[in-house]
Structures are given as C-alpha cells and as structure tokens.
Amino acid sequence: MSVLEKFGVEIFTQHNIFERIAVDKPFRPDNPAFIFIKTGTIKLKQSFRDLELSANMFMVTDPETVYEMISISDDFQSRMVSYKREFISALSLKFNRLITYRYFRQQMNIGVPFQADEMEVVWKSVNFLKYILDSDTEMTYKKEIVEHLFSVFCYQMAGIISKEDSNAMNQMSRQEEIVFVFLNDVAKYHNKERNVEYYAARQSITTRHLSSVIKSVTSSRPVRSLLKCY
C-alpha cells in the first residue's frame with residue numbers, strides 16, 4: 001500500500017516528483033496537489049497554454065486537467081503535496097473551508113507568487129511532514145501525527161488567503177458547510193453523477209433545500225445549471 005493510500009497524503013521532491021509527473025507524454029494527476037518551487041523553473045503545457053513556475057511560486061493542480069511537461073531547469077527544487085479529497089474533508093479545521101476552496105479553485109493552474117519568508121516556513125513544515133511519512137520508526141500515533149501536521153500545512157495556506165479575505169479564518173455556517181460538501185462531491189463524482197438528487201441524498205437533505213442554500217450562499221445560477229459546468 002502506498003503512503004498516499006495509507007495516510008491520505010504524500011510528499012514528493014524534485015528527486016521523485018516524476019513518479020507523478022510524466023516526462024515524455026501528457027498526464028492527468030490522480031489526486032489534487034500543491035506544487036511549490038523553491039529554486040529553478042518548470043514549464044508545463046495545459047490545454048493550449050504554457051505554464052511557467054519559478055522560484056517562490058506555487059500552483060494547485062487539478063485531477064481533471066491534462067498537463068504536459070516541456071522543460072525543467074538544472075537548479076529545480078520542489079515539493080509536491082498530493083492528497084486525497086476525502087482526507088482533507090475529514091479533518092477538523094477551524095477556518096472557512098468554502099472561502100478557501102473557492103480561492104484555490106480560482107488559482108488552479110496558475111502560478112501564485114509567494115513571499116520568500118512564507119515559502120521558507122511552508123517548506124520546513126512540508127519537509128517535516130515528509131520525514132514523518134517516510135520514517136520506518138514504529139509510531140503508535142503516526143496517523144494522528146500526520147493528520148495534525150497536514151492540518152498545520154492547511155492553516156498555513158489558509159493564512160495566505162486571509163490576507164485577501166479576512167473571513168477565511170472564520171468557521172463555516174451550516175449553509176456554507178452544505179455548499180462546501182456539495183462542491184467537493186461534484187468535483188469527485190461529476191463524471192458519474194449529474195443528478196441533483198444524488199448530491200442532496202449524500203447530505204440527507206432535499207433537493208429543494210440544497211438548491212436554495214447554494215443559490216443563497218453563492219448568489220449564482222441554479223444547482224442544475226451549476227452541475228452542467230463540470
């Protein structure tokens with residue numbers, strides 16, 4: 001069983017990142033991930049546009065997007081934090097996940113600049129999480145340690161968002177929680193399920209209530225139209 005399957009998260013460095021990023025052909029990631037670049041550059045092609053990530057930048061990758069690697073510099077240093085959606089959804093995080101989710105959906109497939117000192121802090125916390133994940137030492141509470149360290153990482157990333165939206169660090173309301181779960185479910189199951197009834201049933205609520213909440217919280221189109229966008 002892989003580390004990702006066992007713990008819900010796995011860290012890759014520049015030495016083994018190409019186990020997840022194909023070099024000689026287009027690829028689609030199996031799971032969402034954050035890619036952090038400390039030094040050097042990497043160029044990727046996404047659809048018909050090129051993406052270039054350089055020092056002190058990060059990008060959120062999308063499992064629904066096909067990428068192709070174009071080039072990589074000799075001084076490339078990176079960390080990729082790959083995780084399962086159900087793992088992060090199960091964590092008890094005291095910030096507004098809906099605002100965080102929206103932010104990273106908007107930033108997906110875009111190189112986002114980092115302050116050098118912010119990168120250094122995140123880099124160290126990711127390295128420590130990797131150390132625990134890779135350790136062969138017997139740990140009674142290893143799963144719980146991994147969850148707490150990944151939560152630290154999540155709070156660090158949420159802190160970045162809070163600079164743009166102070167509400168990001170607030171707890172979600174019940175309505176926001178419904179929308180957050182719905183968006184995660186759609187991202188995970190939209191290839192198989194397009195019926196509103198399916199997503200309402202997963203939260204044990206009526207389709208009318210689900211539609212009303214989504215319209216109220218997001219001020220967007222009806223839920224059935226929203227599903228067609230995926």
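The values are calculated or read from the model by the stated rules, or taken from the named source; none is laboratory data. Note that the structure is predicted; figures quoted are calculated from it, not measured. Neighbour counts are summed over all protein chains in view; Cβ atoms, including those assigned to glycine, are modelled from backbone coordinates with ideal geometry. Heads up: the accessible areas ignore ligands, DNA and RNA and are worked out on the full protein's heavy atoms, side chains in. Shrake-Rupley method; radii C 1.70, N 1.55, O 1.52, S 1.80 Å.
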Review point. Residues 65, 61: which one is crowded, with 19+ Cβ neighbours inside 10 Å and in contact (Cβ under 8 Å) with a residue 24 or more places away in the chain?
Key: 61
Review point. Given (1) exposed (fewer than 13 other Cβ atoms within 10 Å of the Cβ); (2) at pLDDT 75 or above, where does residue 175 come up short, assuming only one miss?
Key: (1)
Exercise for review: Would you mind finding the one in 5, 52 that is in a strand (DSSP E or B) and either modelled with pLDDT of 85 or more or open to solvent by less than 50 Å² (accessible area, probe 1.4 Å) (or both)?
Suggested key: 52
Practice item. Would you be able to say whether some residue in region 16-39 is at pLDDT 90 or above and not in a strand (DSSP E or B)? Key: no
Exercise for review: Scan region 8-20 for residues that are out of contact with any Leu (no Cβ under 8 Å at 6 or more places or on another chain) and either farther than 18 Å from residue 85 by Cα or open to solvent by less than 70 Å² (accessible area, probe 1.4 Å) (or both) and jot them down.
Suggested key: 8, 12, 13, 14, 15, 16, 17, 18, 19
Check your understanding: Just one of 47, 73, 82 is over 26 Å from residue 132 (Cβ atoms), open to solvent by less than 40 Å² (accessible area, probe 1.4 Å) and either in contact (Cβ under 8 Å) with a residue 12 or more places away in the chain or touching a Cys at 6+ places or on another chain (Cβ under 8 Å) (or both); which is it?
Key -> 73
Revision key, fill the gap. Output for Cβ contacts, cut-off 7 Å, separation at least six or different chains, first residue outside any helix (DSSP H, G or I) in region 113-131, second open to solvent by less than 70 Å² (accessible area, probe 1.4 Å), reads 113/56; 113/57; 114/56; 114/57; 114/58
Revision key, fill the gap. Within region 198-226, the residues that are modelled with pLDDT of 85 or more, hydroxyl-bearing (Ser, Thr, Tyr) and open to solvent by 80 Å² or more (accessible area, probe 1.4 Å) are 204, 206
Check your understanding: Which of (1) open to solvent by less than 20 Å² (accessible area, probe 1.4 Å); (2) at pLDDT 85 or above is the odd one out, the single condition residue 157 does not satisfy?
Key -> (2)
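Conditions (1) touching a Pro at 6+ places or on another chain (Cβ under 7 Å); (2) more than 20 Å from residue 122 (Cβ to Cβ), marked per residue:
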| residue | (1), (2) |
| --- | --- |
| 23 | no, yes |
| 42 | no, no |
| 56 | yes, no |
| 79 | no, no |
Practice item. Evaluate the following for residue 37: is it within 21 Å of residue 148 (Cα to Cα) and in contact (Cβ under 8 Å) with a residue 40 or more places away in the chain? Key: no
